[in-house]
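First the structure, which I've put down as structure tokens, then a few questions once you've had a look.
The values are calculated or read from the model by the stated rules, or taken from the named source; none is laboratory data. Since we're looking at a predicted model, the values are computed, not measured. Every residue, glycine as well, gets a Cβ built from its backbone with ideal geometry; the counts of neighbours run over all protein chains shown.
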């Protein structure tokens, strides 16, 4: 067997579960600070003290030795408390590298307004939620669950990385004293028999050109896809105002109010937004970033003949 630390093999040796004398060190790891943009990091890690970045990816300390080592290093530098709200945790160092190198996801904040929308609220308007196990345990205790709680089985569709995401949620919940079981279903069964009936499930949403086709069916009282069965009259009123508002400045203010309600009441957990990738020829110009898989070609022009 191979292990990413020396404590696990030593414990197996002590328990008599290995061949005596067979244990050896096959590699020595080194903790590094890395970015796909070299100008963002420095050899001494001074950028960690400045905090001049949005997110910091690391392997989950409870699962991976390199994650624990990263936390230890930040503790010694005196920056851990300030940087924890920026953490994006992977299940392994490999997955963490994927987060950073690919840039294929943007951290969510339990509301539907991805930053790709021009009217999305800023972090100042809706502060990024912090992981706080102590507060979570206190809230459970106040609700009569001082010893923890077991929630309904989380139903997961078999699609892309959704099952792995569910496992990550399961592990993160343990730190707050929340126990959850997982159950997978094929997409056909999930959407035909499970989705709108289960009290606890994960669903992926495709991009929409406007935020309204996401919010109205999934969050309003009469929404046909409101799988959380959450209702809030003031929220529904704001959604109506958002749809009818022509002034962009006022529209952005209403969007911030909508996002704040979603963030505060949390009918759904919105953890991340997938970044889309579009491939175009070099002579195709004017394609703007947008929240949908369909290209808006209204401003597209050709700078020359096809290569």
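Specify the residue that is modelled with the highest pLDDT; the eligible residues are those in the stretch 68-81 that are exposed (fewer than 14 other Cβ atoms within 10 Å of the Cβ) and under 25 Å from residue 124 (Cα atoms).
The qualifying residue modelled with the highest pLDDT is 78.
Of the residues 201, 209, 240, 249, which is within 19 Å of residue 106 (Cα to Cα), in the same structural domain as residue 146 (by TED's automatic domain parsing) and out of contact with any helix residue (DSSP H, G or I) (no Cβ under 6 Å at 6 or more places or on another chain)?
That would be 209, the only listed residue that is within 19 Å of residue 106 (Cα to Cα), in the same structural domain as residue 146 (by TED's automatic domain parsing) and out of contact with any helix residue (DSSP H, G or I) (no Cβ under 6 Å at 6 or more places or on another chain).
Can you name the condition, by its number, that residue 50 falls short on among (1) loosely packed, with under 12 Cβ neighbours inside 10 Å; (2) in contact with a helix residue (DSSP H, G or I) (Cβ under 7 Å, 6 or more places away or on another chain); (3) under 20 Å from residue 85 (Cβ atoms)?
Every condition holds for residue 50 apart from (2).
Also, quick follow-up: Out of the residues in the stretch 18-67 that are touching a strand residue (DSSP E or B) at 6+ places or on another chain (Cβ under 7 Å) and not in a strand (DSSP E or B), state the one that is modelled with the lowest pLDDT.
Among those residues, the one meeting the criterion is 55.
Looking at (1) modelled with pLDDT of 90 or more; (2) closer than 25 Å to residue 67 by Cβ; (3) not assigned by TED's automatic domain parsing to the domain that holds residue 266, which is the one condition that is false for residue 126?
So the condition that residue 126 fails would be (2).
Now for a different question. Just for the stretch 231-249: of the residues that are more than 20 Å from residue 120 (Cβ to Cβ) and in contact (Cβ under 8 Å) with a residue 24 or more places away in the chain, which one is nearest to the chain's Cα centre (by Cα)?
Of the stretch 231-249, the ones more than 20 Å from residue 120 (Cβ to Cβ) are 231-234, 236-237.
Subsequent filtering for residues that are in contact (Cβ under 8 Å) with a residue 24 or more places away in the chain retains 232, 234.
Values: 232: 25, 234: 27 Å.
The residue in question is 232.
What single numbered condition from (1) within 28 Å of residue 84 (Cβ to Cβ); (2) without any contact (Cβ under 8 Å) to a residue 60 or more places away in the chain fails to hold for residue 120?
Just one mismatch for residue 120, condition (2).
Restricting to the stretch 5-17, name every residue that is within 16 Å of residue 68 (Cβ to Cβ) and either assigned to a loop (DSSP other than H, G, I, E, B) or in contact with a strand residue (DSSP E or B) (Cβ under 6 Å, 6 or more places away or on another chain) (or both).
Scanning the stretch 5-17 gives 5, 6.
Checking the condition surrounded by 15 or more Cβ atoms within 10 Å (Cβ to Cβ) and part of a helix (DSSP H, G or I), which residue from 270, 239 passes?
239
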